[in-house]
Amino acid sequence: MTKEQNKTYDVIIVGGGHNGLVCAGYLAKAGKNVVVLEAEKQVGGAATTAELSYGKKVSHCAHFLNQLNQKVSKDLNLSKHGLKLSASKLATIALSADGNHLHLTKDSATGGGISEEDATNYKQFMALMHDYAGTLGFLLDIPPMDVFNMDWDDKKAALKLGWKLRFGLGAEKMSELLRMIGMNIRDVLDDEFDNELLKGALAFDAVLGTHTGPYSAGNFLTFLYRLAGGNNGSVDIPEGGMGAVSSAMAAAAIANGTEIRTNARVKSIDVDNCAVTGVTLESGEVLIAPIVVSNAHLQTTVLDMVGARHFEADFVKRATDIRTRGAAAKMHIALKDVPEFNGLSKDDLKNRLVISPGQQELERAFNHIKYGEVSTEPMMEISIPSLVDASLAENGHVLSATVQYAPYNLKGGWTDQAKAAFLETCIDRLGQFAPNIRALIEHAELITPKDMEDEFGLVGGNWHHGELTLDQMLMLRPVPEASRYALPLDGMYICGAGAHPGGGVMGAAGRNAANAILKGDQ
Ligand SMILES: Cc1cc2nc3c(=O)[nH]c(=O)nc-3n(C[C@H](O)[C@H](O)[C@H](O)COP(=O)(O)OP(=O)(O)OC[C@H]3O[C@@H](n4cnc5c(N)ncnc54)[C@H](O)[C@@H]3O)c2cc1C
């Protein structure tokens with residue numbers, strides 16, 4: 001095909017993860033001629049639903065919807081395009097070995113041997129955390145400020161932040177936030193509470209999906225990030241699994257005029273005269289556009305698709321140095337029936353169950369991965385979504401658990417034997433709380449951080465396309481030169497979890513990138 005015959009677009013989006021789809025939806029809504037090119041047979045990336053065994057489906061990676069950006073949901077009218085919830089505002093139940101579990105909602109803590117004082121403190125603490133999340137939350141919806149070269153939008157954002165901190169929160173709460181912001185979650189929680197189960201459950205939220213333990217510096221901020229995501233702290237389950245969220249985003253993009261192509265892996269992003277010209281697919285097909293947006297990891301984008309030679313050496317070095325270590329595995333189990341958990345009713349099992357009995361246990365579980373080992377007593381976030389959504393299991397049930405900790409670089413490698421052994425460890429761990437689980441298992445499988453890289457393109461197995469730590473946030477995310485979505489190459493942008501504000505099924509990075517493109521930021 002000659003260049004004249006190649007299809008031409010205003011914008012090509014490489015990757016149909018949920019952020020790529022959101023970016024496409026906004027750009028197409030603004031009248032751009034957009035194509036999304038997804039390597040896999042379905043869109044969604046780490047937000048997909050997959051068949052586990054005959055008649056049983058699971059959310060493949062992400063399973064709880066707790067950060068969906070409400071502007072994205074409204075602007076793209078996701079409910080009209082099929083997004084429904086099968087459960088919302090789930091409680092978190094922190095499991096205790098003695099069956100006296102702790103039930104946590106947004107503002108109440110009961111059970112688990114919690115004292116009246118801790119229960120009262122919890123209510124006050126969570127109200128304060130939601131205040132903080134509400135104060136900082138707007139930063140997730142805008143590009144990070146360019147503090148060295150402020151435009152009018154940056155100045156407005158800086159004023160808004162100052163105003164919200166000083167007058168919205170007030171002097172006392174603002175000082176407290178500034179004191180806490182760089183702390184580790186363990187010190188924060190030890191200052192507030194006595195109950196170990198409560199501290200273990202809250203600390204788990206700070207380390208979930210990260211390569212940190214509760215004693216690691218700065219992860220109080222990751223705790224806040226989870227609340228600031230956009231869903232006001234509500235933990236929901238989408239009907240049809242997480243893939244249904246991506247499907248609704250795809251439907252919205254298509255309704256706005258986007259073309260979506262699956263099984264269309266991009267081999268290279270093409271450059272001529274210091275500007276992108278389009279892409280070449282693995283099939284050899286060439287597509288032309290003056291703007292290319294990558295939903296993939298920055299390292300994949302720069303090193304594999306564009307080519308390092310098109311950037312300054314400093315930029316390439318910084319992109320190569322992004323810390324991107326995953327530490328969580330995913331376990332899926334097809335069950336003949338509902339497992340019995342000591343001390344929990346069938347109704348209780350519809351909630352989010354957490355195994356993280358204390359901060360010391362959590363830190364000990366983390367210690368293993370520092371030395372390339374898996375935790376011997378892993379921590380888990382468990383969901384049995386078929387209890388609230390019968391479409392996921394024609395018969396029996398499915399259970400999914402995010403498991404911490406599993407290193408990407410396992411000593412000796414992730415051989416079949418190593419994988420099988422860790423799966424057994426995880427099932428044994430579940431069995432401590434649900435003794436009949438083994439008898440009910442039809443099929444079980446584990447996705448390791450290495451699998452996440454191989455199957456989903458999550459470099460290093462990190463689900464945020466780069467660790468979410470203070471030194472890789474805001475104007476430092478993913479690297480300073482790319483923090484406002486434009487790369488230092490004419491027409492080249494990023495829109496995935498590696499960009500501000502990061503991962504989680506939020507859609508905020510996709511929306512912000514679309515806004516930057518429409519504004520003409522480069
Ligand atoms: C095990 C696990 C559990 C999680 N649990 C939760 C949870 O419960 N709740 C939550 O909110 N978040 C969770 N997350 C995080 C969340 O899933 C991710 O942060 C989010 O889905 C990232 O979305 P994205 O669109 O930015 O990137 P991705 O989903 O990674 O999408 C990138 C897309 O680009 C495509 N691509 C890459 N290279 C190419 C190429 N060359 N050509 C064409 N296409 C290409 C990929 O195939 C992929 O579809 C979890 C993640 C994991 C891994």
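Annotations for the structure displayed:
- Accessible surface comparison of Thr425, Thr92, probe 1.4 Å, protein chains only, largest first: the order is Thr425, Thr92.
- Taken as Cα centroids, segment 194-273 and segment 113-182 sit 21 Å apart, rounded to the nearest whole angstrom.
- For the pair Phe138 and Arg309 in one chain, pulling the backbone fully straight at 0.36 nm per residue adds 57.9 nm over the alpha carbon distance.
- Anisotropy class of segment 34-151 from Cα gyration tensor, a/c 1.5 cut: oblate
- Packing rank of 390-399, 408-417, where each peptide gets the mean count of other beta carbons within 10 Å, highest leading: 390-399, 408-417
- When a 1.4 Å probe is rolled over the protein heavy atoms, the share of accessible surface on the chain that falls to carbon and sulfur comes to 50 percent.
- Listed residues Ala313, Ser175, Leu78: farthest to the positive end of the dipole of the chain (Cβ charges): Leu78
- Cβ-placed point charges (K, R +1; D, E -1), dipole of the chain about Cα centre in debye, nearest 20: 1080
- Here is the list for segment 1-69: trypsin sites (Lys or Arg not before Pro) lying in DSSP coil, each with at most 16 other C-beta atoms within 10 angstrom of its C-beta, are Lys7, Lys41.
- All aspartates and glutamates inside 17 Å of Lys32 as judged from Cα atoms, apart from same-chain residues fewer than 8 positions distant: Asp10, Asp75, Glu259, Asp521
- When Asp118, Asp98 are compared by accessible surface with a 1.4 Å probe, the order from highest to lowest is Asp98, Asp118.
- Net charge of Cβ neighbours under 15 Å - reference Asp471; Lys, Arg +1; Asp, Glu -1: +2
- Pairs of Cα atoms nearer than 8 Å and 6+ residues apart set the relative contact order; for the chain it is 24 percent.
- Protection-proxy order for peptides 458-467, 513-522, each taking the mean of Cβ atoms within 10 Å per residue, highest first: 458-467, 513-522
- Local net charge near Met180, Cβ-Cβ under 10 Å (Lys/Arg +1, Asp/Glu -1): -2
- Nearest-0.05 FRET efficiency for Asp151 and Ala439, computed from C-beta distance (R0 56 Å): 0.35
- With protein chains left intact and a 1.4 Å probe, residues in the chain average 40 Å² of accessible area per residue.
- Hydrodynamic radius (Kirkwood) for segment 455-522, which is based on Cα pairs only, to one decimal in Å: 12.0
- Net +/- balance of residues flanking Leu83 in space, Cβ distance below 14 Å, scoring K and R +1, D and E -1: -1
- Size descriptors for the chain, from the alpha-carbon set: Rg then Dmax equal 22.5, 75 Å.
- Potential lengthening between Thr110 and Ser345 on full extension [0.36 nm per residue; Cα-Cα distance subtracted]: 83.1 nm
- For the peptides 171-180, 317-326, residues were scored by their other Cβ atoms within 10 Å and the scores averaged per peptide; the highest-first order is 317-326, 171-180.
- Prolate/oblate/rounded call for segment 267-323, Cα gyration tensor, a/c under 1.5 rounded: prolate
- Rule-of-thumb Rg ratio for segment 380-507 [Cα; 2.2 N^0.38 Å; N residues]: 1.35
- Put the Cα centre of segment 282-325 next to the Cα centre of segment 454-512 and the gap is 12 Å.
- Where only DSSP H runs of four or more residues are counted, the chain gives -9500 deg cm²/dmol as its mean residue ellipticity at 222 nm, each run worth -39500 (n - 2.57).
- Candidate cross-link partners of Lys164 among the lysines, defined by an alpha-carbon separation under 18 Å and a same-chain spacing of 8 or more, comprise Lys155, Lys156, Lys173.
- Shape of segment 282-404, Cα gyration tensor, a/c cut at 1.5: oblate
- Placed amide H near His443: partners under 5 Å, 5+ positions off or other chain: Ala334
- Lacking any other cysteine beta-carbon closer than 4.7 Å, the following Cys residues of the chain have no compatible partner: Cys61, Cys274, Cys426.
- Of the trypsin sites (Lys or Arg not before Pro) in segment 72-107, the ones in a loop by DSSP (not H, G, I, E or B) with at most 15 other beta carbons within 10 Å are Lys80, Lys84, Lys89.
- Integer Hz, Karplus 6.51/-1.76/1.60 couplings in order for segment 383-398, x for Gly and Pro: 9, 10, x, 5, 6, 10, 9, 5, 5, 7, 9, 5, 9, x, 9, 10
The values are calculated or read from the model by the stated rules, or taken from the named source; none is laboratory data. Since we're looking at a predicted model, the values are computed, not measured. Methodologically, a virtual Cβ is constructed for each residue, glycine included, from the backbone with ideal geometry; neighbour enumeration extends over all protein chains shown. Accessible surface areas use protein heavy atoms only, side chains included; no ligands, DNA or RNA. Shrake-Rupley method; radii C 1.70, N 1.55, O 1.52, S 1.80 Å.
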